Amino acid sequence: MLAVSERILGRGGITEGLIWHKPVDSDPERTFQQIACSEEDGIVMPSGKREVPLSLDKEGERWCPDCLAVIRSNSAKK
C-alpha cells in the first residue's frame with residue numbers, strides 16, 4: 001500500500017518511530033500531502049511515498065489506525 005510517514009520524534013529530535021498514513025493525493029511533486037485520516041492535517045514529505053505492507057513487522061513502525069480503517073473499508077467495497 002502506498003503510504004507517507006509521520007516521524008515520531010524523541011529527545012534531541014531523533015526519530016523514535018514512524019506512523020504510516022494513507023495519502024489522498026497522487027501527485028508525486030507535492031511537498032505537503034493530505035492524509036486519509038484528516039481533512040485538515042497532512043504530512044510534509046521529505047522522504048516521499050513508499051510501498052508499505054499492511055502487516056508491519058518493523059520495530060517502531062505502525063499504521064495510523066484511522067488510515068488503516070479507510071484502507072480496509074475501501075478494500076471491502078471492491
Gly12 vs. criteria outside any strand (DSSP E or B), on the phi > 0 side of the Ramachandran plot and modelled with pLDDT of 85 or more: yes
Checklist (1) out of contact with any Pro (no Cβ under 9 Å at 6 or more places or on another chain); (2) more than 15 Å from Met1 (Cβ to Cβ); (3) not basic (Lys, Arg) applied to Gln34, failing item: (1)
Given (1) part of a strand (DSSP E or B); (2) under 14 Å from the mean Cα position of the chain (by Cα), Val70 misses just (1)
Within region 37-67, residues open to solvent by less than 80 Å² (accessible area, probe 1.4 Å), touching a residue at least 40 places away in the same chain (Cβ under 8 Å) and not hydroxyl-bearing (Ser, Thr, Tyr) come out as Met45, Gly48, Lys49, Val52, Pro53, Leu54, Gly60, Glu61, Trp63, Cys64, Cys67
Kindly indicate whether Lys22 is of a type in the set (Lys, Arg) and at pLDDT below 90. no
With respect to Arg30, is the statement that it is part of a loop (DSSP other than H, G, I, E, B), without any contact (Cβ under 8 Å) to a residue 40 or more places away in the chain and surrounded by 11 or more Cβ atoms within 10 Å (Cβ to Cβ) true? yes
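The values are calculated or read from the model by the stated rules, or taken from the named source; none is laboratory data. In this text the structure is predicted, and so the values were computed from the model without any measurement. No Cβ is skipped: glycine too gets one built from the backbone with ideal geometry, and neighbour counts run over all protein chains shown. The accessibility values were calculated without ligands, DNA or RNA, using every heavy atom of the protein model including side chains. Shrake-Rupley method; radii C 1.70, N 1.55, O 1.52, S 1.80 Å.
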